[in-house]
Every structure is written in structure tokens, then in C-alpha cells.
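Read the structure below first, then the notes.
The values are calculated or read from the model by the stated rules, or taken from the named source; none is laboratory data. The model shown is predicted, which means the values in this text are computed figures rather than measured ones. Cβ coordinates were reconstructed from backbone atoms using ideal geometry, including for glycine residues, and neighbour counts include every protein chain displayed. The accessibility values were calculated without ligands, DNA or RNA, using every heavy atom of the protein model including side chains. Shrake-Rupley method; radii C 1.70, N 1.55, O 1.52, S 1.80 Å.
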Amino acid sequence: AHYATALKDQGHDVHIAYARDVATDDQCGTSILPEMHAIGITSQLVPDLANYVNPFRRNPLIQIARESKFDIIISNTLRDAPASMQAAKHLGIPGIVFAQNMPRFTGLPGLRSLKRWLYLKTLRDVATHVICVAHGVARELVESCGIPKNQVSVAPNGLDLKSIPPEPPGNREAVRAEFGLTNELLLINLARIHEQKGQKYLV
């Protein structure tokens, strides 16, 4: 949402294509689409994006991109990178992969390997550039996955500290009282419980 809003604020027309119907998918949580539509960003459900493993099948994005006369295509998830970058290459426009995490895939072992191979081949041979949100992601893509170093940039995720309101007086004491704590060390981890987030290392 912040990424799309920033592009819109810079005067760009933004169109979001997504693969899963967030209105009916409980795993997606709260949808950003109403917020995006309110500021003039359009969106389109493209179910075939979720199943685009075979690069020789019809690419669901090419017709959309051609009709909307896109100048650039940006992939925002592991799932849509192959279809997005193949569409950009087919249309002769830049294709940017926004790599938010390490390339980890789910499914049966053979399918996982196929997804990983296709994703990394996309980054190496098809994408114009890869933007990583952390130096660790960039390092793994370059050193372990063979992505050319000059094809990778890092734009760290960050917080606008000015947007965070000051802590209310007595807030820390109230939280400690809620959990029955006195002088114990209290850590807060703002992340979903998932291997990718590394809580085992924190513990």
C-alpha cells in the first residue's frame, strides 16, 4: 500500500494486478484495495497469476499490459515474478522485481524445485533489475543464487518515525501490569510466527 501510494504521489498511474481474491481469502487478512481505490489506483483480479509455473502457457498479463499501455511492470511477490517479467520482456518495457524476502517456496519437493528454478531464472535472465528490501536478501541472491551484482539494488524497508505518536504516560507500566511483570526483561517481536521471520534465533 505504501509503495503504490508513493508512486501515485509522484504522479504515476498505478494499476494493481493480483492473483488471490482477497474478499474471500481469510489468509490474506485485511485488503488494501479499498484504500487504493480511494486514491485513484485501479486493480484487477488475475487468477491465472497464481498458477503461472509453466512459462510456455499463455501469459495472463500481456494483454492487460498491452491494453493499458504500461511503461513498466513491477513484480511484488515470488508468485507473480515469472509472469510479470515475461510480460515486460514480451512488450519491450522494463521489468522490476521487488524482492521482499529470501526465495523460499512451498509445495511438493519437485514443485518447490521447479518454482525456485523458474523464479531465479527470471531474476537472472528476464528481469531488468531487482530491488531488495535488505542487504541479506541481496547477498543471498548474488552469492547463492547467481544473480549478477550489477542487477541488484537495496532499498531498505523503514519506518517514518515522525508518523509514530509519542508513547502515552504510564503505557509501559500498564503493559507490564497486564502481563503480571515487574523487573523482567520484556521483548516485543512484531512479526508473524513463521520460520522466515527467525523467531527461533531471537529465542
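Some observations on this one:
- Selection count, the range 122-143, where residues are closer than 17 Å to residue 85 by Cβ, of a type outside the set (S, T, N, Q) and open to solvent by 20 Å² or more (accessible area, probe 1.4 Å): 5
So that you can scan it fast, the table gives a plain yes or no per residue for (1) at pLDDT below 80; (2) under 18 Å from the mean Cα position of the chain (by Cα); (3) β-branched (Val, Ile, Thr):
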{"position": "4", "(1), (2), (3)": "no, yes, no"}
{"position": "12", "(1), (2), (3)": "no, no, no"}
{"position": "25", "(1), (2), (3)": "yes, yes, no"}
{"position": "45", "(1), (2), (3)": "no, yes, no"}
{"position": "56", "(1), (2), (3)": "yes, no, no"}
{"position": "66", "(1), (2), (3)": "no, no, no"}
{"position": "69", "(1), (2), (3)": "no, no, no"}
{"position": "77", "(1), (2), (3)": "no, yes, yes"}
{"position": "90", "(1), (2), (3)": "no, no, no"}
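- In the set (1) surrounded by 14 or more Cβ atoms within 10 Å (Cβ to Cβ); (2) at pLDDT below 90, residue 73 fails one condition alone, (2).
- Positions within the range 62-77 being of a type outside the set (Gly, Ala, Ser) and touching a helix residue (DSSP H, G or I) at 6+ places or on another chain (Cβ under 6 Å), in sequence order: 62, 73
- The residue pairs whose first member lies in the range 173-187 and is among the aliphatic types (A, V, I, L, M), whose second member is assigned to a loop (DSSP other than H, G, I, E, B) and open to solvent by 100 Å² or more (accessible area, probe 1.4 Å), and whose beta carbons are closer than 8 Å, counting only pairs six or more residues apart or on different chains, are 186/179.
- Candidates in the range 144-164 are the residues that are of a type in the set (A, V, I, L, M, F, W, C) and open to solvent by 100 Å² or more (accessible area, probe 1.4 Å); of these, the one that is modelled with the lowest pLDDT is 159.
- Any chance residue 169 is within 30 Å of residue 133 (Cα to Cα) and of a type outside the set (A, V, I, L, M): no
- Subset of the range 185-201 that is assigned to a loop (DSSP other than H, G, I, E, B) and not aliphatic (A, V, I, L, M) - its residue that is farthest from the chain's Cα centre (by Cα): 189
- All positions within the range 97-127 that are part of a helix (DSSP H, G or I) and in contact (Cβ under 8 Å) with a residue 40 or more places away in the chain: 111, 114, 115, 118, 119, 122, 123
- In the range 165-181, of all residues being in a loop (DSSP other than H, G, I, E, B) and open to solvent by less than 90 Å² (accessible area, probe 1.4 Å), the one that is nearest to residue 2 (Cα to Cα) corresponds to 168.
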